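What follows draws every value from the coordinates through simple rules; no lab data is involved. As the structure is a prediction and not an experimental result, all values here were calculated from the model. Please note: Cβ atoms are built from the backbone with ideal geometry, for glycine as well, and neighbour counts cover all protein chains shown.
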Amino acid sequence: MNFPRPLFPAFLGLVAFAGAAFGQRTIVVDAGHGGYDRGGVPGQRISEKDKCLDVAQRLKRILQAQGYRVVMTRDSDVFIPLGTRCAIANNYRGASFVSIHFNCASRVGANGIETYYYRGDSAGLAASIHRNVVSISPSENRGIRRRGFYVLRKTAIPSVLVECGFLTNPTEGRLALSADYRQKLAEQIARGINRQPAASSKPLTSSLKSLSLGDDFVKVPPERTSGRRSSKARSHKSSKSTKSKKKKSSKKSSED
Ligand code: ZN
């Protein structure tokens, strides 16, 4: 192009302004795990990394069709360190970061959808994505939780991590194996990014209601409690093993 030099930077600024004015936003889509990191628990039958990538790629196509610029932290079955994922995200100021995962648990009964955020600037996006995903899923609403996961702490842009159901749960595992269902998940995540209202609201799982702050938010202690180490400062997941009353629960043990 033959712009006189002094005008050229101004021209670029105008292009950027026009892009912003027309609402073109960048979304960094992060498919969890990959390569040797399958995700989930050892011996898990449904591979988490594949389902994350599939939903992420569907989300990419939907968002691109809507005019978004989409950056994938991985677009194939490769291992990308968490630091690299955050570095990719932090290259795009004004973007949002959405990390796609599926959950797992040693207890097959564990089920439901949960969405995580860390910084306050991410709470609105988390709520919007969560409400939309929960509204179409037969799974339980486990709420929106604040947790210091690496990709949520180390990204400098609004960042959300969606757990799209438990692959270790028979019902949710079956759903995750369905391409139709994975497409619906991607569509709802996209609706959440677009801040569209959810089709319907589903109440929080009753066992979580006592912890609820309203609006699907669940009060969860932060992952790291700097300086203060009380007995309450255990991590949410490790507290399960210490608190379990195995001897009391003499329910049928499903041996598969
Ligand atoms: Zn995961």
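As a footprinting exposure proxy, order I100, I193, I62 by other Cβ within 10 Å, with the fewest listed first.
On the way: I100 27, I193 23, I62 20.
Neighbour counts put them in this order, fewest first: I62, I193, I100.
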What is the spin-label model distance, in nm, from D75 to R153 if the labels are put 7 Å beyond Cα along the C-beta direction? 3.1 nm
Could you pull out every residue, at least 5 positions away or on a different chain, whose amide H is within less than 5 Å of the one on S99? Hs are placed 1.01 Å off N in the peptide plane, and Pro or chain starts have none. D30, V160, L161, V162
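Past 21 Å, Cα to Cα, is the threshold; run K51/K202; K49/K184; K154/K202 against it and keep the listed order.
K51/K202; K154/K202
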K60: which aspartates and glutamates have alpha carbons under 12 Å from its alpha carbon, excluding same-chain residues fewer than 8 sequence positions away? D30, D75, E187
What is the gain in length, in nm to one decimal, between D37 and A110 on full extension, counting 0.36 nm per residue of separation less the C-alpha to C-alpha distance? 24.1 nm
Within the stretch 25-51: backbone nitrogen closer than 15 Å to the A179 label point (7 Å, Cα to C-beta): 51
Mind jotting down the distance between the C-alpha centroids of the stretch 175-203 and the stretch 68-93, whole Å? 22 Å
Nonlocal amide H pairs with E140, under 5 Å, H built at 1.01 Å: G112, I113
